[in-house]
Amino acid sequence: MTARIPGNDHRVLTPPELGAWTPSLRVSVVVPAYGGQDKLDLVLAGLAGQSYPAELTEVIVVDNGSDPPLRLPEIRPPGTRLIACPVPGRAHARNAGLAAATGDVIHWLDSDVVLDRRSIEAHMRWHHAAPYLVVTGYLRFTPAEPPAPEAVAAAGDLAELFEPAEPHAWLVDLIERTGGLTDNPHRAFSLHVGGATSVGAALLTAAGPMDTDLILGQDTEMGYRLAQAGAVFVPEPLSRAFHLGPTMRMRGKAPIDRVSHAFVADRIPSYRWLRSHPARQWKVPYLEVIVEAGGRAGYDEVRATVDAVLAGTLPDVAVTVVGPWDRVAAEGRAPLRNPDLETALVRGHYAHEGRVRFALVAPEAARVTVPYREEAVPYPGEAAGERRPEGERGSVTAVPYRLRLPAGWTPGEDTLARLLDLAVEGEYGLVSVLLAEEAGNVEAPGNAGEAGKTEDPESAEKTGDAGLVTARLERTAAFARAAIVAGEGEDLDDAVDDVFGVLWVDGETHGFTAGPRQITGRRSAYRARTEARAEADRLAKEAERLRGEVARWKEESGRWRRNAVELRREVGGLRKELAAARKELAAARKVMQLGLLSSVRRAITRRR
């Protein structure tokens, strides 16, 4: 039974100790190279001394147009081959090596990275534990003078030759602040760096080869597609490698990021900060909404759903309308009697909407790549066998989320964004939305096959949705993982629940309604934003005014406090004066009393 890893928590696996196990998987080490024969000699010398069995190891060196051509040195693993790839570019060279590889695991290795003796074994013990892992070793950047290949092959510990060296600071920081990539699985794919990373060959087949249209960022983009194929990313500290000198990124991070971000933004929807534009479209949308046309779902139902999706606050969305487009034909004489009129209306209405695509069958939940250029029906105006250029057709390769929505059900303006936030924050693999609970054969406002109500008892027994109208928000990575680990006959949703989790929510609470809704449009949204900004400016000015009032009252209160102190001083002085006056008055009274007494005595004395 295939191990089930929840999210990216690879800690549920216990790989064997180094040297205490018996390997069986073959590994192909792919080394693309352009010039640098002296460094390549050291790389192959390091591979020659690996602890992993030589009979289970093949090394493929890809000469990417070197002048003079590269050669294989004397010190190298026995299963080493040299092939040529004249097309310039690291991605082309890697793809050439991948095509020639025969191993169960592909180990990328740059031609200036020397592996420690136990590095490949440290990788491979993980791949024996689960078939859908991406393992990356710890790179260290050495400024040391290159030793002789004989010294590398004979060294028990490469640290003796290459230390002191600097760690891969960005990689170490990412691993440490995410608990070994277990705390933030959405960014785990960033671990895929080409210097010293190994990947299961079957996983690479599912994700596809490297994107040769990219100038930089190929490793990260492939890591993203591997994640959508169900990969779990594992940092392996026991796998050490020494990079001979600094990397190009270490020499200039800002210009590298500038070039890389210009390309990967179109291909990695998870990098939300690179997609801050409120309206533009991208090669790989963040969300694909699947709507089925035909059957009970006519033009009005499909249009209500598609229009509501396109009018929402989530611009990073594409819609795939599934229907029998291959049988839709123009009816010149009696168009109103065309048996496929409803489907023809849908096709005609959205033929020139770039965010709407047409497909004969709905994409499978566990499928990573949907090659629309091969399967999609020609656009109106295209003759049989003709195709628009790739850039004009677009692609939905590796879309991270898919919403299967029955035709006739419409999301609110902010529904899709809220639903995605719920799925992302909870890291759910499936969010099922209960739209309606029906009794008998009451019809929903449309029928979207798997996503809608099913009347087939056998199908209902499989999906568990008998009598229910539902929408399904599926995470591509979760269903791809579930397809890998699911047992024979096991419901895929159950496997998704094990590896990512499943959540049921109420459709009405999240803004879904049956039938068309009033579309506010971008002008209304613009007005709302303008009014909100104006209100925010007004409140900011009011806050500034109140802050001024507070300052004025503080100053006034300070003045009153100073006046109070002065008044207290004056009152104290008056009290002292009053006390002195009272003393003087008492003294005067005493003098008067004594004088009066003396006068009385004198008067009495005279009378005698």
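The values are calculated or read from the model by the stated rules, or taken from the named source; none is laboratory data. All of these numbers come straight from a predicted model, not from anything done at the bench. All Cβ positions, glycine included, derive from the backbone under ideal geometry; neighbour counts span all protein chains shown. Areas reflect the complete protein model, heavy atoms only, side chains present, ligands, DNA and RNA absent. Shrake-Rupley method; radii C 1.70, N 1.55, O 1.52, S 1.80 Å.
Computed values, structure above
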{"read-out": "Of residues in segment 337-352 being assigned to a loop (DSSP other than H, G, I, E, B) and surrounded by fewer than 15 Cβ atoms within 10 Å (Cβ to Cβ), the one modelled with the lowest pLDDT", "value": "PRO339"}
{"read-out": "Cβ pairs under 9 Å, 6+ apart, first in segment 494-519 and at negative phi, second basic (Lys, Arg) and open to solvent by 20 Å² or more (accessible area, probe 1.4 Å)", "value": "ALA495/ARG4; VAL496/ARG475; ASP498/ARG4; VAL499/ARG4; PHE500/ARG475; HIS510/ARG418; PRO516/ARG303"}
{"read-out": "Helices (runs of 4 or more DSSP H) within segment 216-272 that include 1 or more residues touching a helix residue (DSSP H, G or I) at 6+ places or on another chain (Cβ under 9 Å) and modelled with pLDDT of 90 or more", "value": "218-228"}
{"read-out": "Selection status of PHE189, in contact with a strand residue (DSSP E or B) (Cβ under 6 Å, 6 or more places away or on another chain) and either surrounded by fewer than 20 Cβ atoms within 10 Å (Cβ to Cβ) or aromatic (Phe, Trp, Tyr) (or both)", "value": "no"}
{"read-out": "Test: TRP553 is at pLDDT 95 or above and either open to solvent by 30 Å² or more (accessible area, probe 1.4 Å) or over 30 Å from ALA227 (Cα atoms) (or both)", "value": "no"}
{"read-out": "Failed item, numbered, when ASP213 is tested on (1) part of a loop (DSSP other than H, G, I, E, B); (2) under 19 Å from the mean Cα position of the chain (by Cα); (3) surrounded by fewer than 22 Cβ atoms within 10 Å (Cβ to Cβ)", "value": "(2)"}
{"read-out": "Extreme residue, farthest from LEU133 (Cα to Cα), among residues of segment 24-43 that are open to solvent by 30 Å² or more (accessible area, probe 1.4 Å) and either in a loop (DSSP other than H, G, I, E, B) or touching an Asp or Glu at 6+ places or on another chain (Cβ under 6 Å) (or both)", "value": "GLY36"}
{"read-out": "Residues located in segment 96-152, provided they are farther than 13 Å from LEU238 by Cα and within 25 Å of the chain's Cα centre (by Cα)", "value": "ILE106, HIS107, TRP108, HIS127, ALA130, PRO131, TYR132, LEU133, VAL134"}
{"read-out": "Residue in segment 522-545 that is out of contact with any strand residue (DSSP E or B) (no Cβ under 7 Å at 6 or more places or on another chain), of a type outside the set (Asp, Glu), at pLDDT 90 or above and on the phi > 0 side of the Ramachandran plot present", "value": "no"}
{"read-out": "Verdict on TRP282 being open to solvent by 60 Å² or more (accessible area, probe 1.4 Å), under 21 Å from the mean Cα position of the chain (by Cα) and of a type in the set (Phe, Trp, Tyr)", "value": "no"}
{"read-out": "Output for segment 470-494, where each listed residue is outside any helix (DSSP H, G or I) and open to solvent by less than 10 Å² (accessible area, probe 1.4 Å)", "value": "THR470, ALA471, LEU473, GLU474"}
{"read-out": "Residue match in segment 70-81 (condition: modelled with pLDDT of 95 or more and assigned to a helix (DSSP H, G or I))", "value": "no"}
{"read-out": "Those residues of segment 49-67 which are of a type in the set (Gly, Ala, Ser), open to solvent by 20 Å² or more (accessible area, probe 1.4 Å) and over 21 Å from THR102 (Cβ atoms), in sequence order", "value": "SER51, GLY65"}
